[in-house]
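The values are calculated or read from the model by the stated rules, or taken from the named source; none is laboratory data. Model, not experiment: these values are computed from the prediction. Here the Cβ is made from the backbone with ideal geometry for all residues, glycine too, and neighbour counts use every protein chain on show.
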Amino acid sequence: MEDFLLAGEELLNYTPNRVVLLTSYRIRYNAANASESRLVSIMLEKVSACEVRYQSQPALAITGILLILVGSIGFFQSGNGQMFGVVAAAVGFVLVLAYLASRQHIVSITSDGGARLGFATKGLKREAVIAFIDSVEKAKHERVERLHQMNGGVLV
């Protein structure tokens, strides 16, 4: 697992699924599934921004709730109206479930060279995500300070 480390580099932190690793020199994203594989590595001194954003599809929830309401009115009808009510309520229920499944927090870390490392935080509490971002910022600060000292006060 740690055979990718450079000389003098230490593993500092990682996400529970070990897809994102933070070392004393860089942050690295390495994920693969049946349809794609992605590796992004950004040196800490090149990190320019960290972002945590919430993403969802509220139109699914609104449409689903409206269909459930229309469907509930259809329940009190007879014949085809009642059948329409059942179908509308079922479709509305599926849309509300789709909305719940679409909600996610996304972390994006960008470099000043344009590379972007992004990952969903499924299963992580917000506090853990913020703590991970804090550790990235602290590691970047320490890395920049070390490089600054090594280069006699000249920033690279």
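Annotation note: Cβ proximity below 7 Å between a residue of region 108-120 that is over 12 Å from I42 (Cα atoms) and a residue that is not in a strand (DSSP E or B) (sequence gap 6+ or interchain) occurs for F119/V19. On the basis of being of a type in the set (G, A, S), at positive phi, outside the structural domain of Y25 (by TED's automatic domain parsing) and part of a loop (DSSP other than H, G, I, E, B), does G114 make the cut? No; evaluated as a whole, the condition is false for this residue.
Of everything in region 23-40 that is surrounded by fewer than 17 Cβ atoms within 10 Å (Cβ to Cβ) and touching a residue at least 40 places away in the same chain (Cβ under 8 Å), the residue that is nearest to the chain's Cα centre (by Cα) is A31.
Quick check, is A98 surrounded by 14 or more Cβ atoms within 10 Å (Cβ to Cβ), touching a Gly at 6+ places or on another chain (Cβ under 9 Å) and not in a strand (DSSP E or B)?
Details: surrounded by 14 or more Cβ atoms within 10 Å (Cβ to Cβ): yes; touching a Gly at 6+ places or on another chain (Cβ under 9 Å): yes; not in a strand (DSSP E or B): yes.
Criteria met by A98.
Quick check, is V20 aliphatic (A, V, I, L, M), crowded, with 17+ Cβ neighbours inside 10 Å and touching a residue at least 60 places away in the same chain (Cβ under 8 Å)? Considered against the rule, which asks whether it is aliphatic (A, V, I, L, M), crowded, with 17+ Cβ neighbours inside 10 Å and touching a residue at least 60 places away in the same chain (Cβ under 8 Å), V20 comes out as yes.
Scanning region 108-130 for residues that are at pLDDT 90 or above and of a type in the set (A, V, I, L, M, F, W, C) yields a count of 1. Of all the residues in region 57-82, those that are modelled with pLDDT under 90, assigned to a loop (DSSP other than H, G, I, E, B) and either surrounded by 13 or more Cβ atoms within 10 Å (Cβ to Cβ) or touching a Leu at 6+ places or on another chain (Cβ under 6 Å) (or both) number 1. For C50, which of the numbered conditions (1) out of contact with any Lys or Arg (no Cβ under 8 Å at 6 or more places or on another chain); (2) without any contact (Cβ under 8 Å) to a residue 40 or more places away in the chain; (3) under 23 Å from E137 (Cβ atoms); (4) not in a loop (DSSP other than H, G, I, E, B) fails to hold? Looking at each condition in turn, C50 falls short on (2).
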